[in-house]
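Here is the structure we will look at.
The values are calculated or read from the model by the stated rules, or taken from the named source; none is laboratory data. This one's a predicted model, so the numbers in the text were calculated from it and none came from an experiment. Cβ atoms come from the backbone with ideal geometry, glycine included; neighbour counts cover every protein chain shown. For the accessible areas, the whole protein counts, side chains as well, though only heavy atoms, and no ligand, DNA or RNA atoms are used. Shrake-Rupley method; radii C 1.70, N 1.55, O 1.52, S 1.80 Å.
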Amino acid sequence: MYPDYQYINQSIREFYEAYVLYCFTRLLINYMGNEGQFSMALKASVSNTVITHTFPFCYLEPWEVSCRVLYIVSVVLVYCEVCLLTSCMMLII
């Protein structure tokens, strides 16, 4: 719509997406207590816990719950922080 403001609009959109993802991830962790309690809850759960997918993903293999979930959550948080930083840098430049 406004090609002159293309990079500004893109960086604002990326900033907002990263912010929403970061807030949602922090909400999930805080809902479980904190990172330590979240980790202990995952370790205390049965290691053979398997989650089956609903339609349309029912054709994928079932997902086994493990401590890998905590690692994925930490990667998402780092991604959000880096994305927030780079989108701010893009606005400044």
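Numbers below:
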quantity	calculated
Any chance ILE8 is surrounded by 16 or more Cβ atoms within 10 Å (Cβ to Cβ), in a helix (DSSP H, G or I) and in contact (Cβ under 8 Å) with a residue 12 or more places away in the chain	no
Every residue from the range 19-35 that is of a type outside the set (Ser, Thr, Tyr), within 9 Å of the chain's Cα centre (by Cα) and surrounded by 14 or more Cβ atoms within 10 Å (Cβ to Cβ)	LEU21
Those residues of the range 71-85 which are in contact (Cβ under 8 Å) with a residue 40 or more places away in the chain and open to solvent by less than 70 Å² (accessible area, probe 1.4 Å), in sequence order	VAL73, VAL76, LEU77, CYS80, CYS83, LEU84
Residue satisfying condition, being at pLDDT 80 or above and of a type in the set (Lys, Arg), within set ARG68, ARG13	ARG13
Residue in the range 36-52 that is touching a Pro at 6+ places or on another chain (Cβ under 7 Å) and either open to solvent by 90 Å² or more (accessible area, probe 1.4 Å) or modelled with pLDDT of 75 or more (or both) present	yes
